Amino acid sequence: MTLLRPLPLIGLGSLAAFAFLYFSFSAIGKAQNLPGCKVVSDSQVLLQEGQVDPSQTVAFWQNSPISPPSYLTQTLPQSEINVLGISDGENKWIEIDLGRQQLTAHEGDQIAFQSLISSGLWNSTPVGEYRIWYKVRSTKMEGGSRLNGTYYYLPNVPYAMFFRGDFGIHGTYWHSNFGRPMSHGCVNAPTNIAEKLFYWTQPSLPAGKYAVRSSADNPGTRVIIHK
């Protein structure tokens with residue numbers, strides 16, 4: 001008889017442990033699977049300056065490890081950067097066509113350049129009219145969920161241009177499936193296109209700097225996103 005008395009307690013203890021693990025894993029899954037490009041702020045100096053961190057040699061995309069390419073440390077010649085920055089900024093605007101998965105850089109009545117992109121798959125890319133509020137040459141992003149295979153840890157994300165909170169346009173080295181949704185809400189662009197866009201758009205980057213925020217004197221370029 002004495003051996004049977006602890007069994008209800010054991011059953012209750014197991015149930016409590018199961019409930020704890022269930023809600024813990026559920027919370028982790030929900031907390032990590034947030035919309036936009038979640039910037040990691042553990043390296044504040046590098047984050048503020050926007051410099052490439054060469055010590056970051058391992059990344060993760062959809063739970064799988066990948067190696068960031070070495071070309072991320074390279075940049076356009078200063079002469080080409082100067083040419084991209086010429087002309088009235090108010091004549092420039094970016095169009096994101098979610099239906100066509102296409103980015104078009106407009107300058108007045110002319111098309112400066114055009115490219116396929118990848119918009120949000122796991123979370124929707126927001127539709128509307130915005131302005132770039134922050135540009136950074138290189139940053140680190142982390143998010144998704146290990147439970148459903150969407151976890152990402154991406155150091156040295158190149159040429160990020162944020163237009164609404166954590167939503168931005170940036171270069172992409174972890175996939176090349178442009179023309180179809182792939183992201184967590186941001187606009188993934190080929191890195192060479194993002195690089196041109198970075199120096200073509202406003203706010204203008206001060207000489208010797210790797211990041212800039214928009215201001216009344218240095219406003220951001222318009223970004224129009226539609227379906």
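The values are calculated or read from the model by the stated rules, or taken from the named source; none is laboratory data. Note that the structure is a prediction, hence the values are computed from the model and not measured. Here the Cβ is made from the backbone with ideal geometry for all residues, glycine too, and neighbour counts use every protein chain on show.
All of W122, W133 fail the test of being crowded, with 16+ Cβ neighbours inside 10 Å, hydrophobic (A, V, I, L, M, F, W, C), within 21 Å of H184 (Cβ to Cβ) and at pLDDT below 95, apart from W122. Residues that are within 22 Å of E95 (Cβ to Cβ) and aliphatic (A, V, I, L, M) within region 200-225 comprise V223, I224, I225, listed in sequence order. In region 165-223, which residue that is surrounded by 18 or more Cβ atoms within 10 Å (Cβ to Cβ) and among the basic types (K, R) is modelled with the highest pLDDT? It comes out as R222.
Would a scan of region 132-140 turn up a residue that is more than 17 Å from E195 (Cα to Cα), part of a loop (DSSP other than H, G, I, E, B), over 11 Å from the mean Cα position of the chain (by Cα) and not aromatic (F, W, Y)? No, region 132-140 contains no residue that is more than 17 Å from E195 (Cα to Cα), part of a loop (DSSP other than H, G, I, E, B), over 11 Å from the mean Cα position of the chain (by Cα) and not aromatic (F, W, Y). Counted as qualifying within region 162-218 are the strands (runs of 3 or more DSSP E) with 1 or more residues that are in contact with an Asp or Glu (Cβ under 7 Å, 6 or more places away or on another chain), namely 167-172, 211-213. Condition check: of a type in the set (A, V, I, L, M), in contact with a Leu (Cβ under 8 Å, 6 or more places away or on another chain), crowded, with 23+ Cβ neighbours inside 10 Å and at pLDDT 95 or above. Does M161 satisfy that? So M161 fits the description; yes.
Among the residues making up region 110-122, a single one is more than 16 Å from T172 (Cβ to Cβ) and either aromatic (F, W, Y) or under 13 Å from the mean Cα position of the chain (by Cα) (or both): F113. The residues of region 91-131 that are outside any strand (DSSP E or B), in contact (Cβ under 8 Å) with a residue 40 or more places away in the chain and not aliphatic (A, V, I, L, M), listed by number, are G99, Q101, S119, W122, N123, S124, T125, P126.
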